[in-house]
Amino acid sequence: MSYLLATLTALVLLNSEAFGKSVTGLFKSEAARQQRGQFITKFMYQGSDGLLVIRLDNVPLATEKESRLLLFQDMDSQLESLNCSERISKAQHAISLTADEYNHTIPKESTPTAWQVLYADRYTCQKDAVIPSHPDLSFSILLFNADSAGNPLEHFSAEEAGLHTFYFLLLLAYFIASCIYFKPLQQALKKGGPMHSILRVLSTVLALQGCSALCSYIHLARYSRDGVGLHLMGSLAEFWDMASQVSMLYMLLSLCVGWTLSRGRKPQSGPLQWEQTPRSRAVAVGGVVVQGGLLLWEQFSEPEGQHHSFHVQQSVAALLLMLLRVVLALLLASVLYQIISTERSTLKRDFYLCFAKGCFLWFLCHPVIFLTSAIFNAHQREKVVTIGVILCQTISMVILYQLFLSRSLYWEVSSLSSVSLPLTMSRTNNRARY
C-alpha cells in the first residue's frame, strides 16, 4: 500500500498542469496548421453579459500574419469532419488581432452555452506555403461571466458555478462534526476493542477526504480571483481523493474476504487481528492496484487545454473505473449474500445488512449518479456528479462509523462468534475492557 501511494503522489504531482479561465501561452502558426485552428481554451458562458479579453505583446507581427481568434459554439463532432476552410468559415465570431487589447462581448443566449476559442492566421489553411521563421505570438486571454451584480467579473464557467460555495460548506460541516465527535472517537480508539483497526482506517479515509476538500477549496478560492488557481492544490486534491479511494477499497475487500475465509475455522483463544491470509491479501492488493492504475490513467487521459472535476471525466479510463466499481459491488454482494444466507443470528444478519448498505453506497454512487446526470442540462452535470458523489461517499462513511461504533450490536457480533469477523477480541479481554 505504501509503495502504491508513493507512486500516486509522484505521478499526480508531475501531471499538475491545468488550464484555468485566465489563459496565457503562444499562438503558433505551425500548430494552427496541423490542428486546422490551434485550440486555445473552452468556456461555458452563463448566457448574458459574458466577456472575452485578449491581450497581445506583438501587434505588428499579429497584423502581418493576419492573426485572428475564432469562436465556435460547442460543436466538436461537426468540426472534426470539416476541412480547414470549411472549419474556419463555421466560426460564429472572428476577431482580428490588430490591437494590444481587445474586449469582445459574448452575445446573449437563452441558456448557458459552451464556446471554443481557436487561433488561425494566413498560413493555417495554406499547406504549401512556407511559414516564415517569425517568433510565436505571446498572448493572455481572460474569460468572464457576469457576477451577481451583472458585472463581467466572474471567472467560473457555468459548469463550475457554485462548487466554491459547496466546498466551503463541506469544510464547515467537517469542522463542526470534528468538534463534536473528535473526543468520543479518540476515546474509542484508545480503548481498542474488536473494531479498533477498522475505525482507524475509516478515520484515515475521512481525513484524506477532508484534505481533498480543503485543497479543492484553496484552489477554487484562488481561481475566483485570478482565473488560474493553484494547480498544485488542485493536483493534491485529486491525490488525496485517490488515496482515500484505494484505502477504502483495501479495507472493504479485506474484511469481506477475511469473513468468508474465517467462517469455517474454530474460535481462537487469543485476540485476533485483521485477517491477512495470502488469499485475502492477494484479492485486496489486486483490487487496489487495478483501481490505482485506472485512477492514474484517468488523470493523464484528460485532453490538453481542458480541465474538469476528476469525478466527471468521460475518458475510457473513467468509464472502466466506474465499471470496476460496479464489479466490486457485485463481488461484495455475492460474498455478503453467502454469509447472510447461512447466518442464523438476527443480530448478526442486521450487522451484515447495514455493512452492505455502506459498501454499496460507496461503490455504486458514482456510476448511478453519473448515469442520472444525463437528464440534467450540460452545465449542471459536473456539479450534480461532483456534489452527489462526495455527499454519498460521506454518508457511506457515516453509516460505517455508526456501525462499528455501536457497542451494543457489535459487541454481540464479535464476542458471540469470533470466527465470523476478522477483527475480534477474546471474551476474556472484552470482559476486562468493558
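Which percent of the accessible area of the range 57-149 is formed by carbon and sulfur heavy atoms (probe 1.4 angstrom)? Provide the component values of the computation, followed by the final result.
Details: 2200 of 4920 Å².
C and S atoms contribute 45 percent here.
Using amide H atoms built in the peptide plane, which far-off residues or other-chain residues are under 5 Å from N58 H to H?
The list, which skips near neighbours in sequence, is S138.
Highest mean first, how do 95-101, 173-179 rank when packing is the count of other Cβ atoms within 10 Å averaged over residues?
Working: 95-101: 14.3, 173-179: 12.6.
Ranked from most to least packed, the peptides come out as 95-101, 173-179.
Could you give me the ³J(HN,Hα) list for the range 127-137, computed from phi with Karplus coefficients 6.51, -1.76, 1.60 and θ = phi - 60°, whole Hz, x at Gly and Pro?
5, 8, 6, 7, 7, x, 7, 7, x, 6, 7
Of K42/K108; K191/K357; K65/K127; K357/K383; K21/K90; K42/K127, which sit over 19 Å apart, Cα to Cα?
Working: K42/K108 17 Å; K191/K357 27 Å; K65/K127 15 Å; K357/K383 25 Å; K21/K90 24 Å; K42/K127 26 Å.
Beyond 19 Å between Cα atoms: K191/K357; K357/K383; K21/K90; K42/K127.
Could I have the simple spin-label model distance between A31 and K90, label points 7 Å from Cα toward Cβ, reported in nm to one decimal?
Here the answer is 2.2 nm between the modelled labels.
Probe radius 1.4 Å, ligands and nucleic acids ignored: give me the carbon and sulfur share of the accessible area of the range 312-410 as a rounded percent. Show your work: numbers first, answer last.
Working: 3170 of 4670 Å².
Carbon and sulfur atoms account for 68 percent of the accessible area of the range 312-410.
Could the peptides 151-159, 103-111 be put in order, highest first, of the mean number of other beta-carbon atoms found within 10 Å of their residues? Don't jump to the answer; show the numbers that get you there.
On the way: 151-159: 20.0, 103-111: 12.8.
Sorting 151-159, 103-111 by mean packing, highest first, produces 151-159, 103-111.
Tell me, what HN-Hα J-couplings in whole Hz come from the Karplus equation 6.51 cos²θ - 1.76 cosθ + 1.60 at θ = phi - 60° for each residue of the range 54-63, using x for Gly and Pro?
10, 10, 10, 9, 9, 5, x, 5, 5, 5
Amide H of G50 versus every other amide H placed in the peptide plane: which residues, excluding those fewer than 5 positions away on the same chain, fall under 5 Å?
Those qualifying (amide H under 5 Å, at least 5 residues apart or on another chain) are I106.
Using θ = phi - 60° and the Karplus form 6.51 cos²θ - 1.76 cosθ + 1.60, what ³J(HN,Hα) does each residue of the range 316-332 get, whole Hz, x for Gly and Pro?
Rounded to whole hertz, the list is 4, 4, 5, 5, 5, 5, 5, 5, 4, 5, 5, 4, 5, 5, 5, 4, 5.
The values are calculated or read from the model by the stated rules, or taken from the named source; none is laboratory data. What you see is a predicted model; the values in this text were computed from it and never measured. Virtual Cβ from ideal backbone geometry, glycine too; neighbours counted across all protein chains shown. Side chains included, ligands, DNA and RNA excluded: accessible areas come from the protein's heavy atoms. Shrake-Rupley method; radii C 1.70, N 1.55, O 1.52, S 1.80 Å.
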